[in-house]
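Input: a single structure, listed below in C-alpha cells.
The values are calculated or read from the model by the stated rules, or taken from the named source; none is laboratory data. These numbers come from a predicted model, not from an experiment. Using ideal geometry, Cβ is built from the backbone for each residue, glycine included, and neighbour counts are taken over all protein chains shown.
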C-alpha cells in the first residue's frame, strides 16, 4: 500500500532547508510510521535533491514525524531558477512510498 493511505504530509521551506512532516491519520498507525519511515529511507528517496544527512524528529503526541533536509545553496527557494522551487509538492513524493503492512 502507499503511505498516503495512512498518513498525510505538510511541508515548508526557508532558504535551503526543507521541512516535511508526516502525520498519521489514526493514532494506531503512528508506531508503524516510526518504525518504517526512517531518516535513511527519506534520505535515499530525496538523494538527488539534497546534500548531507536527514534529521528526523519524532512527535508521538501528535502522531507525527518531522524530517529536516538540506538542499544545495544553489537550489534554495530564494536562489533557484525553477518555476516551483518550493517544497510543498515534495511532501507528495514521500506519501507515494510503497510500504508493506503486516
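From 91, 63, 52, which residue is on the phi > 0 side of the Ramachandran plot and at pLDDT below 95? Walk me through how you get there before you give the answer.
Numbers: 91 fails: on the phi > 0 side of the Ramachandran plot; 63 fails: at pLDDT below 95.
Of 91, 63, 52, the one residue that is on the phi > 0 side of the Ramachandran plot and at pLDDT below 95 is 52.
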- Of residues in segment 17-56 being more than 24 Å from residue 71 (Cα to Cα) and without any contact (Cβ under 8 Å) to a residue 12 or more places away in the chain, the one surrounded by the fewest Cβ atoms within 10 Å (Cβ to Cβ): 35
- Quick one: which residue in 2, 14 is exposed (fewer than 12 other Cβ atoms within 10 Å of the Cβ), over 23 Å from residue 100 (Cα atoms) and in contact (Cβ under 8 Å) with a residue 12 or more places away in the chain? 14
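So, in segment 33-57, exactly how many residues are under 13 Å from residue 6 (Cα atoms) and touching a strand residue (DSSP E or B) at 6+ places or on another chain (Cβ under 8 Å)?
Taking segment 33-57 as the starting set, the residues that turn out to be under 13 Å from residue 6 (Cα atoms) are 33-34, 36-37.
When the remaining residues are screened for being touching a strand residue (DSSP E or B) at 6+ places or on another chain (Cβ under 8 Å), the result is 33-34, 37.
Counting residues in segment 33-57 that are under 13 Å from residue 6 (Cα atoms) and touching a strand residue (DSSP E or B) at 6+ places or on another chain (Cβ under 8 Å) gives 3.
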